[in-house]
1. State yes or no: is Ile294 of a type in the set (A, V, I, L, M) and either in contact (Cβ under 8 Å) with a residue 40 or more places away in the chain or at positive phi (or both)?
2. Based on what the data block shows, is Arg277 within 16 Å of the ligand (Cβ to nearest atom) and not small (Gly, Ala, Ser)?
3. What is the residue count in the range 56-71 for residues that are closer than 27 Å to Ile186 by Cα and in a loop (DSSP other than H, G, I, E, B)?
4. Any residue that is more than 24 Å from Ser57 (Cα to Cα) and of a type in the set (A, V, I, L, M, F, W, C) - is there at least one of those in the range 128-150?
5. Mind listing just one residue for me: the one in the range 439-472 that is within 16 Å of the ligand (Cβ to nearest atom) and polar (S, T, N, Q) and, of those, nearest to Arg417 (Cα to Cα)?
6. Look through the range 418-438, keep the residues that are among the acidic types (Asp, Glu) and within 27 Å of the chain's Cα centre (by Cα), and return whichever of them is farthest from the ligand (Cβ to nearest atom).
7. Taking Lys424 as the residue in question, decide whether it is of a type in the set (Lys, Arg), touching a residue at least 12 places away in the same chain (Cβ under 8 Å) and exposed (fewer than 15 other Cβ atoms within 10 Å of the Cβ).
Amino acid sequence: MDKIIILDFGSQTTQLIARRIRELNTFCEILPYNKFPEGDKDIIGVVLSGSPLSVYSENAFLPDLSKILGKYPVLGICYGAQLISHTQGGCVKSAGMREYGRASLSILEGSCQLLKGLEQNSQVWMSHGDTITAIPNGYRVVGSTDTVKYAAFESIDLPVWGVQFHPEVEHSLQGRKLIENFVVGICGSKKEWTSDSFIDKTVAELKQQLGDDKVVLGLSGGVDSSVAAALLHKAIGDNLTSIFVNHGLLRKGEFEEVMDAYNAIGLNVIGVNASERFMNDLKGVSDPEKKRKIIGRDFIKVFDSEASALKDIKWLAQGTIYPDRIESLNITGKVIKSHHNVGGLPEKMGLQLCEPLKWLFKDEVRYVGERLGLPKKLINRHPFPGPGLAVRIIGDITPEKVSILQEVDNIFIGGLREWGLYDKVWQAGAILLKDRSVGVMGDERTFENAVALRAVTSIDAMTADWAELPYDFLKFVSNEIINKVKGVNRVCYDISSKPPATIEWE
Ligand code: XMP
């Protein structure tokens, strides 16, 4: 299948470039700037991303572009454009001051495939410290802003373009059109990457890869593992056995609800209620990392013992998705893991790993889930941490605390659904605080629990803003919680963004 390669120079927005290209039903892959896959016949174009670095930085990323320029259509974005200019005989200088924000792009006369059909003077988003002061011989300028003469340029003979602004961000109002011009108009994408084509191709590949082998998969109730299970079920039917472990730290009623949904689509699923074991092992433990370790260890033990009881299992399937695997670079060029969520089960199980969603972004996982007939409620679920409510109870965990928090969380999440706010936030939940607070109920002084509500907007959990929920809604849930949940007399709303705060409190 056609694909675009995005060479990553460490920009915060590299994943956004990929998402924009995928929205055009075109497959693309993000690779570190120095790992261009020479000889891959499916490549139809290359994008060079932005970077926090300058081409003059001591440790600047300066790969040899001779294997790319002239061989494939190339679009350099910000640092990518500066790199083309710098290495091909143009000139890049420090702009003195970082230019950050909106600018208006004036398109110069003459035909340019990249800017074809874009309106004059539309808004683009700039974020750069260096600026291009001369473009190489054989190149011409095609777009400028008030302060940036070489805001867009192209090679006269080669299929090479550079833009100083960031077409991948929403603030560049015609950025999507520009990227479409590159991907479809210039690179000639056949737009074959769709949920249906993905399902057909993956099901065929899974059949081939797995044959009559038996596969086990750990379900969490979340969208990724559920879609992975549905896809595998379509490919190999009952040769897939899924295991859903209830560690007793799920949301109120979640275990039963999710089991029902899995059974309704015909999954062969074993539900294991191991709450008592987890609760016993967590007794008296307050340190969040220790809680995580105990839960991780117990989970593996329970899963392992259930899986070993099954006969002839050869494969372990996981719902790993693309952002979990992207090798994002930091400023030193070293690869850092983008997420801490790639929970891998131990190799000691002696099983081969099968990851059918490993190329998908979260929104693509949801589309695929929808096409596979999973219920909307399951597909559009907020992310929920593996250790569940354990990391939302500050301090030690007791069954009473879990039960209080489940009630509070249930009112909050139910309220978000009722008020039509659930799908507007990335993730929400309640936190049971450690300190008690004084209150009055009726004529009596109370000394009870305080809870915090947290709701954030985000696109990938790497950064997040606190959600501006309506005051009326907050008033409603606060009243409901204090009136209905025994043991809670105070409700706070968390107004911290990430960074510097994290989404979870622990
Ligand atoms: P933070 O708190 O780091 O969370 O901003 C980012 C995302 O990761 C989830 N999260 C976890 N998920 N195991 C998980 O499977 C964990 O230990 C864990 N801690 C945080 C969090 O809910 C958010 O979606």
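1. Details: of a type in the set (A, V, I, L, M): yes; either in contact (Cβ under 8 Å) with a residue 40 or more places away in the chain or at positive phi (or both): no.
So Ile294 does not fit the description; no.
2. Details: within 16 Å of the ligand (Cβ to nearest atom): no; not small (Gly, Ala, Ser): yes.
So Arg277 does not fit the description; no.
3. So the first thing to find is which residues in the range 56-71 are closer than 27 Å to Ile186 by Cα, and the list is 61-71.
Keeping just the survivors that are in a loop (DSSP other than H, G, I, E, B) gives 61-64, 68, 70-71.
Counting residues in the range 56-71 that are closer than 27 Å to Ile186 by Cα and in a loop (DSSP other than H, G, I, E, B) gives 7.
4. Checked the range 128-150: at least one residue is more than 24 Å from Ser57 (Cα to Cα) and of a type in the set (A, V, I, L, M, F, W, C).
5. First pass over the range 439-472, keeping only residues within 16 Å of the ligand (Cβ to nearest atom): 452-467.
Imposing the further condition that a residue be polar (S, T, N, Q) reduces the set to 457-458, 463.
Values: Thr457: 16, Ser458: 18, Thr463: 24 Å.
Result: Thr457.
6. Start the filter on the range 418-438 by keeping residues that are among the acidic types (Asp, Glu), which leaves 418, 423, 435.
Okay, now just the ones that are also within 27 Å of the chain's Cα centre (by Cα), so 418, 423.
Numbers: Glu418: 23, Asp423: 16 Å.
Only one residue tops the list, namely Glu418.
7. On the way: of a type in the set (Lys, Arg): yes; touching a residue at least 12 places away in the same chain (Cβ under 8 Å): yes; exposed (fewer than 15 other Cβ atoms within 10 Å of the Cβ): yes.
When the stated conditions are applied, Lys424 passes them.
Yes/no matrix, rows are residues, columns are (1) at pLDDT below 95; (2) under 14 Å from Lys191 (Cα atoms); (3) not aromatic (Phe, Trp, Tyr):
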site: Asp8; (1), (2), (3): no, no, yes
site: Thr13; (1), (2), (3): yes, no, yes
site: Ile17; (1), (2), (3): no, no, yes
site: Arg22; (1), (2), (3): no, yes, yes
site: Ile44; (1), (2), (3): no, yes, yes
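The values are calculated or read from the model by the stated rules, or taken from the named source; none is laboratory data. Remember, it's a predicted structure, so these values are computed and weren't measured experimentally. Glycine gets a Cβ as well: all are built from the backbone with ideal geometry, and neighbour counts include every protein chain shown.
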